[in-house]
Amino acid sequence: MGDGPLYLGFDLSTQQLKAIVVQSDLQVVSDAKVDFDLDFGSKYGIKKGVLVNDAEGEVFAPVALWLEALDLVLQRLQAKNTPLHRVRGVSGSCQQHGSVYWSREAGELLGGLRADASLVDQLAEGAFSHPYAPNWQDHSTQAECDQFDAKLGSAERLAAVTGSAAHHRFTGTQIMRLRRKLPDMYAATSRISLVSSFLASLFIGAVAPMDISDVCGMNLWDIAGNKWSEPLLELTAGADGVPELHRKLGEVRQDGGGSVGRISSYFTARYGFSPECEIAPFTGDNPATILALPLRPLDVIVSLGTSTTFLMITPIYKPDPSYHFFNHPTTPGHYMFMLCYKNGGLAREKLRDVLPKPDGSDAWANFNKHALATPPLDIQSASDKAKLGLYFYLPEIVPNISAGTWRYTCNAADGSGLEEAKEAWPVETDARAIVESQALSMRLRSQKLVHSPGNGLPAQPRRIYLVGGGSLNPAIARVIGDVLGGVDGVYKLDVGGNACALGGAYKAVWAFERAEGETFDELIGKRWKEEGAIQKVDDGYRDGIFQQYGNVLGAFEEMEERILKVAKNT
Ligand SMILES: Nc1ncnc2c1ncn2[C@@H]1O[C@H](COP(=O)(O)OP(=O)(O)O)[C@@H](O)[C@H]1O
Ligand SMILES: O=C(CO)[C@@H](O)[C@H](O)COP(=O)(O)O
């Protein structure tokens, strides 16, 4: 190993805290992770990283758990002899929308951290006005969402201003509800951080500003106006509460690069970081994912983590209530388009676990066997109807449908004759149908953003990159390629499960090594080598099969609309 500067990227997601260290040439030199359930499950009583209060639809994570996880992941990096003294810059990515509530003592406690005691021992008791951070899976805020959608006139208008219609998990609705439910806690809060600015705060020993991309996950930031939306702050905090809420949120950092501060002496003394090491703004896990490789327009990332997300970049701001627009995390004037599904990895796992357990060590073997053995839409012969399903074990985001499972059939040629299936089909068929259903939803909602890649081909993505835990699964890759196409193929990142941490590390490289005016894409584009970074896992577009799915896209939309009428989240 040489002696050049290193860059450390974090990913504080739902179920894990991951860390990855890269060199200036982007080569990975070390990584480590903490798995919340495995490492701290019994201590905090969490499952899949979170606690739930079903009666109110609340989902939340203990902030103390994250403090412990940060010390542990750094110990694990040390145990691997990672030369932390060479780390010049740190950045990272964190689950979006979650909020952390700092007490009035927070500034002093953060600034005075001693190296002879842990973060949890020094901060958990006194630094927070609320011990929990609402999680993105929370669905307790329908009443607040209705008011957000109404405030500017319509959901369309709210999406035009903030990039998204009102969503349960978006931080504005969460703050509004907590202010009503826990007024004393709200009054005792000096600052509110997103999970990304919370983690950056620990590193600089002071409350860090929010990031220009992650702030778009709040329903409070006026994207075109580049400022907090006064009417939405007023809705959240009441007419008299706007200045107070403004103070709690702080100013938003405009530059995705550069430094928000030097590393706190806690980390230099305890882990051997250099006192010269600087912290770049941390961002959301989805914005960081688009930084894990040089992404071009028409390229798509499908992130198969706990949530499933579909990401594209575009210079054109075209918001709509059914999806999200965020500021690009590094490039002003560019945007990230996102679809987010709650019923991603955990829903697929539920279905997998209904199937008989496979003999070998691959828990997904049976699921994959059936997903691949079932033909598209389970059309075995010309007279067969196409099978479509929705598998929502949790209330879904898009469409806003409550938990439930629905199975429909329609004519394969044109989607006509849509009706509820007369009887449930075998669970083996569900293995393919759930992945098809997730991919059909992405195809339906992204069709306006793609165009023909040329040669008379139908509109579709150019490349599809798979990241997140599920990117390891070849059957899922195949079905995604069948439904979404991808004329240049489907690829997985070699560090598939670590993509957002890697995006965080690349962000730190750019933040501290950029020349005057050099964009992220210019810098990373020069250093990134495709070989060793990605692997082609499927051909993507298949003439005929792609059209088969196109034939039923209208029926899929109609199925969602019918179900929405009877099972809308309330
Ligand atoms: N071989 C596999 N096939 C399908 N899904 C997988 C596979 N391995 C892991 N997963 C899924 O990946 C999910 C975790 O993804 P990851 O990106 O690590 O999570 P996080 O959302 O915490 O960032 C798990 O819920 C699991 O269902
Ligand atoms: O809510 C969203 C995006 O809007 C989620 O994508 C979260 O950002 C959590 O992601 P993972 O834990 O699945 O990585």
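The values are calculated or read from the model by the stated rules, or taken from the named source; none is laboratory data. As the structure is a prediction and not an experimental result, all values here were calculated from the model. Because the Cβ atoms are built from the backbone with ideal geometry, glycine has one as well, and the counts that use them run over all protein chains shown. Surface areas here come from the heavy atoms of the whole protein model, side chains and all, with no ligands, DNA or RNA. Shrake-Rupley method; radii C 1.70, N 1.55, O 1.52, S 1.80 Å.
Other residues lying with their Cβ under 14 Å from the Cβ of Glu108 contribute a combined charge of +1, Lys and Arg counting +1, Asp and Glu -1. Among 525-534, 551-560, 159-168, sorting by the average number of other beta carbon atoms lying within 10 angstrom of each residue, highest first, gives 159-168, 551-560, 525-534. The modelled label-to-label distance between Ala515 and Lys227, using points 7 Å beyond Cα along the C-beta direction, is 3.7 nm. Out of every Cα-Cα pair that the chain contains, those further apart than 46 angstrom amount to 11 percent. Centre-to-centre separation between the Cα atoms of the range 290-338 and those of the range 390-445: 25 Å.
On a 0 to 90° scale, report how tilted helix 427-446 is relative to the longest principal axis of the chain, with both axes built from alpha carbons and the result rounded to the nearest 10. The angle comes out near 70 degrees.
The candidates Thr283, Thr405, arranged from most to least accessible area with a 1.4 Å probe in the full protein assembly, appear as Thr405, Thr283. Surface exposure of the range 203-260, expressed per residue as accessible area with a 1.4 Å probe, stands at 33 Å². Just the number, please: carbon plus sulfur as a percent of the accessible area of the range 489-570, 1.4 Å probe, no ligands or DNA/RNA counted. Carbon with sulfur: 47 percent of the solvent-accessible area.
Across the range 36-46, rounded Karplus estimates of 3J(HN,Hα) from the backbone phi angles (6.51 cos²θ - 1.76 cosθ + 1.60, θ = phi - 60°) give 4, 5, 5, 7, 9, x, 6, 5, 9, x, 7 Hz, Gly and Pro being marked x. Taking the inverse of the mean reciprocal distance over all distinct Cα pairs, the Kirkwood hydrodynamic radius of the range 1-149 comes to 17.1 Å. Global dimensions of the range 461-553 from alpha-carbon coordinates: Rg and Dmax equal 16.1, 50 Å.
As a fraction of the 1.4 Å probe accessible area of the range 227-284, surface on carbon and sulfur atoms comes out at 49 percent. For the range 210-271, the set of GluC sites (Glu not before Pro) satisfying both a DSSP loop assignment and a count of at most 13 other C-beta atoms within 10 Å is given as Glu251.
For the pairs Lys43/Lys529; Lys80/Lys526; Lys448/Lys492, flag any whose C-alpha to C-alpha distance is greater than 32 Å. Violating the 32 Å Cα-Cα cut-off are Lys43/Lys529. Rolling a 1.4 Å probe across the protein heavy atoms gives the range 389-488 an accessible surface of 34 Å² per residue.
The chymotrypsin sites (Phe, Trp or Tyr not before Pro) of the range 378-423 meeting both criteria, a DSSP state outside H, G, I, E and B (loop) and at most 16 other C-beta atoms within 10 angstrom of the site's C-beta, are Tyr393.
The slack between Gln380 and Ser154, meaning 0.36 nm per residue of separation minus the straight C-alpha distance, is 76.9 nm.
When shorter helices are ignored and each DSSP H run of at least 4 residues is given -39500 (n - 2.57), the per-residue value for the chain at 222 nm works out to -10500 deg cm²/dmol. Label positions at Ser452 and Leu553, each projected 7 Å from the Cα along the C-beta direction, are separated by 1.4 nm. Each label point was placed 7 Å from the Cα along the Cα-to-Cβ direction; for Ser24 and Glu56 their separation is 5.2 nm. Once all protein chains are placed together, Ser259 keeps about 40 Å² accessible to a 1.4 angstrom probe. Summing charges over neighbours of Gly470, with a neighbour being any other residue whose Cβ is under 13 Å away from its Cβ, gives +3 when K and R count +1 and D and E count -1. Our summary of shape: the Cα atoms of the range 217-315 have principal axis extents of 48, 42, 27 Å, ordered from largest down, in whole angstrom. Beta bridges from DSSP with both residues in the chain: antiparallel share about 75 percent, rounded to the nearest 5. Working note: Cα gyration tensor of the range 224-280, eigenvalues times five, square-rooted, sorted largest first, giving semi-axes of 35, 15, 6 Å. Under the combined filter of DSSP loop state and at most 10 neighbouring Cβ atoms within 10 Å, the range 364-448 retains these GluC sites (Glu not before Pro): Glu423.
With all protein chains in place and ligands, DNA and RNA left out, the 1.4 Å accessible area ranks Asp54, Asp25, Asp482 as Asp54, Asp25, Asp482, largest first.
Fully extending the segment from Ser402 to Arg562 would add 56.3 nm, taking 0.36 nm per residue of separation and subtracting the current Cα-Cα distance. Placing a label point 7 Å from the Cα of Ser416 along the Cα-to-Cβ direction, the residues of the range 535-558 whose backbone N falls under 17 Å from that point are 551-556, 558. Summing Lys, Arg as +1 and Asp, Glu as -1, what charge do residues with Cβ under 13 Å from the Cβ of Ala224 carry, Ala224 excluded? It works out to a net charge of +2.
Binning the C-alpha pair distances of the range 198-256 at 5 Å intervals from 0 yields a P(r) profile of 4, 18, 27, 24, 16, 9, 3 %, listed from the shortest bin outward.
Return the tail of the calculated pair distribution for the range 243-395, meaning the percent of Cα-Cα pairs more than 20 Å apart. Tail of the P(r) past 20 Å holds 70 percent of the pairs. Against the criterion of solvent-accessible heavy-atom surface with a 1.4 angstrom probe, Arg169, Arg191 sort, most first, into Arg191, Arg169. Backbone amide hydrogens, once placed in the peptide plane, bring Gln16 within less than 5 Å of Phe36, excluding anything fewer than 5 places away on its chain.
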